[in-house]
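The values are calculated or read from the model by the stated rules, or taken from the named source; none is laboratory data. Computed from a prediction, not measured in an experiment: that's the story for all the values here. Neighbour counts are summed over all protein chains in view; Cβ atoms, including those assigned to glycine, are modelled from backbone coordinates with ideal geometry.
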Amino acid sequence: MQFYKVKNLQKIIIFFIFISLDLLSKYLVFNYIDLYKFIKITPFLDITHLHNFGISFGLFSDTIPAVFLIVIALLVVCFIIYLLLNAQDYLEYWGLFIIICGAIANIIDRFVNGYVIDFIYFNINQYDWPAFNFADIYISVGIIMILLNMLKKLNLIKK
């Protein structure tokens, strides 16, 4: 029984580290980088300060109220928690766990501000990728983990 308590405590700590890293980074951007300012880090990476009033990549900005987006996101998180509780293996479990961390971090940001702060901006030559944040990275990594797990289960890739 003690082993499960330690494992659950580890998961809670990881959860709070992921959420805190995302929210701290957004706090620093909000307080130290002017809105719409771009700071070149490398030839293809900028740090910026943008407000995303929509969903992924700014879709539906200013057309769907923040409260509605929060409610929808919470429903999605509840469904993902259900999937997590029924996860069949390690990779699926941790992929879902990381997605939940990212979703909750963005929900908190939208609840506090009415929008999500995005600040990582990639551009190569004339090609730009929409700005994103750490929570978006968590969600993307979690999805990749689940897709890899599905491919593994379908025997399309070997260990």
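How many residues are in contact (Cβ under 8 Å) with a residue 60 or more places away in the chain and of a type in the set (K, R) if we restrict to region 102-158?
The qualifying residues number 1.
Test V29 against the criterion of being part of a helix (DSSP H, G or I) and either aromatic (F, W, Y) or loosely packed, with under 12 Cβ neighbours inside 10 Å (or both), and give yes or no.
No, not satisfied.
Would you check which residues across region 64-93 are in a loop (DSSP other than H, G, I, E, B) and closer than 15 Å to R110 by Cα and list them?
Once the filter is applied, which keeps residues that are in a loop (DSSP other than H, G, I, E, B) and closer than 15 Å to R110 by Cα, region 64-93 yields I64, P65.
So which residues in region 136-159 are modelled with pLDDT under 95, of a type outside the set (A, V, I, L, M, F, W, C) and either surrounded by 11 or more Cβ atoms within 10 Å (Cβ to Cβ) or at negative phi (or both)?
N149, K152, K153, K158, K159
Is it true that Y115 is hydroxyl-bearing (S, T, Y) and at pLDDT below 95?
no
Is there a residue in region 7-23 that is outside any helix (DSSP H, G or I) and in contact with a helix residue (DSSP H, G or I) (Cβ under 9 Å, 6 or more places away or on another chain)?
Within region 7-23, none of the residues are outside any helix (DSSP H, G or I) and in contact with a helix residue (DSSP H, G or I) (Cβ under 9 Å, 6 or more places away or on another chain).
Quick check on this structure: which one of D89, D62 is surrounded by fewer than 16 Cβ atoms within 10 Å (Cβ to Cβ), charged (D, E, K, R), closer than 27 Å to L148 by Cα and modelled with pLDDT under 95?
Result: D89 is the single residue among D89, D62 that is surrounded by fewer than 16 Cβ atoms within 10 Å (Cβ to Cβ), charged (D, E, K, R), closer than 27 Å to L148 by Cα and modelled with pLDDT under 95.
Going by what's in this entry, would Y36 be described as in contact with a Ser or Thr (Cβ under 9 Å, 6 or more places away or on another chain) and either of a type outside the set (K, R) or assigned to a loop (DSSP other than H, G, I, E, B) (or both)?
Yes, satisfied.
S61 - would you say it is in contact (Cβ under 8 Å) with a residue 24 or more places away in the chain, small (G, A, S) and within 30 Å of F30 (Cα to Cα)?
Judged against the criteria, S61 is not a match.
Within region 125-134, take every residue that is in contact with a Ser or Thr (Cβ under 8 Å, 6 or more places away or on another chain) and either part of a helix (DSSP H, G or I) or among the polar types (S, T, N, Q) (or both) and give me the one that is surrounded by the most Cβ atoms within 10 Å (Cβ to Cβ).
The qualifying residue surrounded by the most Cβ atoms within 10 Å (Cβ to Cβ) is N133.
Given the structure, is L83 touching a Lys or Arg at 6+ places or on another chain (Cβ under 9 Å), surrounded by 12 or more Cβ atoms within 10 Å (Cβ to Cβ) and either over 15 Å from A135 (Cα atoms) or of a type in the set (D, E) (or both)?
no
Of the residues that make up region 106-124, is at least one under 29 Å from L75 (Cα atoms), among the aliphatic types (A, V, I, L, M), in a helix (DSSP H, G or I) and within 11 Å of the chain's Cα centre (by Cα)?
Checked region 106-124: at least one residue is under 29 Å from L75 (Cα atoms), among the aliphatic types (A, V, I, L, M), in a helix (DSSP H, G or I) and within 11 Å of the chain's Cα centre (by Cα).
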